[in-house]
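Input: a single structure, listed below in structure tokens.
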Amino acid sequence: MAPPHTSVDAPHQQGSLAGRMALVVQKFGGTSMGSIERIKNAAARTVAAHLEGHRVVVIVSAMAGETNRLLRLAREVTAVPDAREMDALAATGEQVSSALMAIAIHAQGHRARSFLGHQMKVLTDSAFTKARIKAIDASKVQEALAAGEIVVVAGFQGVDEQGNITTLGRGGSDTSAVAVAAALGADVCEIFTDVDGVYTTDPNVCPTARKIDKISYEEMLELASLGAKVLQIRSVEMAMKYGVPVHVRSSFSSAPGTLVTHEGDLEQVVVTGVAYDKSEARVMLVGVRDQPGVVATIFSALAEHNVSVDMIIQNVSVDARDPGAPVPHTDVTFTVAKSDLTRVRSVIDEIGRDVGAADVRFDEDIAKVSIVGLGMRSHAGVAAKMFRILAEHGINIQAISTSEIKVSCLVATKYTELAVRALHEAFLDGGSS
Ligand code: ADP
Ligand code: ASP
Ligand code: MG
């Protein structure tokens, strides 16, 4: 994307924009746009920033529940709707909210202009329903800002080289906001949502979750990729790449939120947060040939069908073990997004045949719980403690994956909340681990 963010005077302390003219990107999520009253409230915040002398660009999500409603409509027509048309449909949610936002700003006596993805333009690849932004042409926005207008941009949507409408994946307005902030070299990208910042875990699941004042891009990236949907993962990747300071805060209060930036809190805890993700399903190929090339065949075929795989486990199969067999057999288990499952089902039989699988099993009743923290790099025994806590609560671990700064365990869905609370209590309650 060009041009990259080059600002050197980013607000490393909250509130440091006061007293100077800045370029501020504000993003309002679905709940913050959930009713006309709330849109008026969001507009008032934007107008307040404008009156402080800042140049303001607002990115909006569809009104709460609207994207789900639209996607449901298509699925009422057919189980596998065409991806291009799904994007044409889903993008209408943000068309409505961006126009309403501009109208609300007008009603408060200020000038505003709304832009859809193709109007500004947000150029993406053609991966419908999960397109990636390639470039943003900020010239129209610059012109409108120079004319003293507040700019409203429909989040979540873009346009490909052929002029097709695309969308950026669920939660994609966060990415629209950071991308616009990067392209404009904004001083800050404020993400207004229904919680007042990034918490040590989902505050709607764990009552003792604490707000984090400052978190590093790296940790936020892990938390987002492991299910903390407060920020879409690509928005964090992009913020990190272009050095955009992101401030996550509440639409409903003026409390300072969480600053996502290069450095996290100075207090170095081992575990920064606990995340969970119920959006994956497990697929098991039972009794495939245990020989070179088999795993490559399976995952190449999935990649060709644009299916992203998360956890992968290969183990010696008990039910396929046959001492007399000419080739040994193994089980290959992996997780994919539930939303990709229809596509997996349509190709898995062929893949299974190619690798001699005796059976294919699907399990949608799984969740991934994870602990994340930069401090894990220098501490031994963190994973062992996590496994012990889960065991003490009678929770069976079905798969494990680790990196330098995270440990994830796959468990049955019904244990998700219990696991999150137990891990939070063990690693984060009391302020340190
Ligand atoms: P928006 O509609 O504003 O984009 P989202 O629903 O996408 O809001 O994201 C906010 C939600 O993210 C919160 O309501 C909360 O339930 C959830 N969440 C999950 N993990 C966290 C976390 N660690 N910190 C804050 N919120 C979290
Ligand atoms: N409206 C889209 C969604 O619900 C994008 C967003 O809200 O960020 O996923
Ligand atoms: Mg969101």
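Is the range 357-365 home to any residue that is open to solvent by 10 Å² or more (accessible area, probe 1.4 Å), among the aromatic types (Phe, Trp, Tyr) and at pLDDT 95 or above? Checked against the condition, which is being open to solvent by 10 Å² or more (accessible area, probe 1.4 Å), among the aromatic types (Phe, Trp, Tyr) and at pLDDT 95 or above, the range 357-365 yields at least one hit. GLU161 falls short on exactly one of the conditions (1) within 15 Å of ligand 2 (Cβ to nearest atom); (2) in contact with a strand residue (DSSP E or B) (Cβ under 8 Å, 6 or more places away or on another chain); (3) open to solvent by 50 Å² or more (accessible area, probe 1.4 Å), and that condition is (1). Scanning the range 35-62 for residues that are open to solvent by 50 Å² or more (accessible area, probe 1.4 Å) and either over 25 Å from GLY185 (Cβ atoms) or in contact with a Leu (Cβ under 9 Å, 6 or more places away or on another chain) (or both) yields ILE36, GLU37, ARG38, LYS40, ASN41, GLU52, ARG55. Can you pull out the residues in the range 193-252 that are surrounded by fewer than 21 Cβ atoms within 10 Å (Cβ to Cβ), assigned to a strand (DSSP E or B) and in contact (Cβ under 8 Å) with a residue 60 or more places away in the chain? Within the range 193-252, just SER216 meets the criteria. Restricting the range 132-158 to residues that are more than 16 Å from ligand 1 (Cβ to nearest atom) and either basic (Lys, Arg) or more than 23 Å from MET21 (Cβ to Cβ) (or both) leaves a set whose member that is surrounded by the most Cβ atoms within 10 Å (Cβ to Cβ) is GLY158.
Any idea which residue in the range 237-259 is farthest from SER32 (Cα to Cα), counting only those that are among the β-branched types (Val, Ile, Thr) and touching a Ser or Thr at 6+ places or on another chain (Cβ under 8 Å)?
At the first step, the residues of the range 237-259 found to be among the β-branched types (Val, Ile, Thr) are 244, 246, 248, 258.
Now drop any that are not touching a Ser or Thr at 6+ places or on another chain (Cβ under 8 Å), which leaves 246, 248.
Working: VAL246: 18, VAL248: 13 Å.
Top of the filtered list is VAL246.
Of the residues making up the range 65-96, those that are surrounded by fewer than 17 Cβ atoms within 10 Å (Cβ to Cβ) and within 15 Å of ligand 1 (Cβ to nearest atom) are GLY65, ASN68, ARG69. Checking each residue in the range 24-71 for being touching a Ser or Thr at 6+ places or on another chain (Cβ under 8 Å), within 15 Å of ligand 2 (Cβ to nearest atom) and not in a helix (DSSP H, G or I) picks out GLN26, LYS27, PHE28, GLY29, GLY30, VAL58, ILE59, VAL60, SER61, ALA62, MET63, ALA64.
Scan the range 334-352 and give yes if some residue there is more than 27 Å from the chain's Cα centre (by Cα), loosely packed, with under 14 Cβ neighbours inside 10 Å and free of Cβ contacts under 8 Å to residues at least 12 places away in the same chain, otherwise no. Yes: one or more hits.
Consider the range 281-312 and keep the residues that are over 28 Å from the mean Cα position of the chain (by Cα) and part of a strand (DSSP E or B). The one that is surrounded by the most Cβ atoms within 10 Å (Cβ to Cβ) is VAL288.
Determine whether THR129 is open to solvent by less than 10 Å² (accessible area, probe 1.4 Å), under 26 Å from ARG343 (Cα atoms) and within 16 Å of ligand 2 (Cβ to nearest atom). Working first, answer last.
Values: open to solvent by less than 10 Å² (accessible area, probe 1.4 Å): no; under 26 Å from ARG343 (Cα atoms): yes; within 16 Å of ligand 2 (Cβ to nearest atom): yes.
Considered against the rule, which asks whether it is open to solvent by less than 10 Å² (accessible area, probe 1.4 Å), under 26 Å from ARG343 (Cα atoms) and within 16 Å of ligand 2 (Cβ to nearest atom), THR129 comes out as no.
Among the strands (runs of 3 or more DSSP E) contained in the range 321-406, which hold 3 or more residues that are over 21 Å from ARG289 (Cα atoms) and in contact with a Leu (Cβ under 8 Å, 6 or more places away or on another chain)?
Details: elements: 329-337, 359-363, 366-372, 399-403.
It comes to 366-372.
For the range 123-158, a tally of residues being within 22 Å of the chain's Cα centre (by Cα) and charged (D, E, K, R) returns 4.
The values are calculated or read from the model by the stated rules, or taken from the named source; none is laboratory data. Every value quoted in this text rests on a predicted model; they were computed, and no experiment measured them. We place every Cβ from the backbone using ideal geometry, glycine too, and count neighbours over all the protein chains shown. Accessible surface areas use protein heavy atoms only, side chains included; no ligands, DNA or RNA. Shrake-Rupley method; radii C 1.70, N 1.55, O 1.52, S 1.80 Å.
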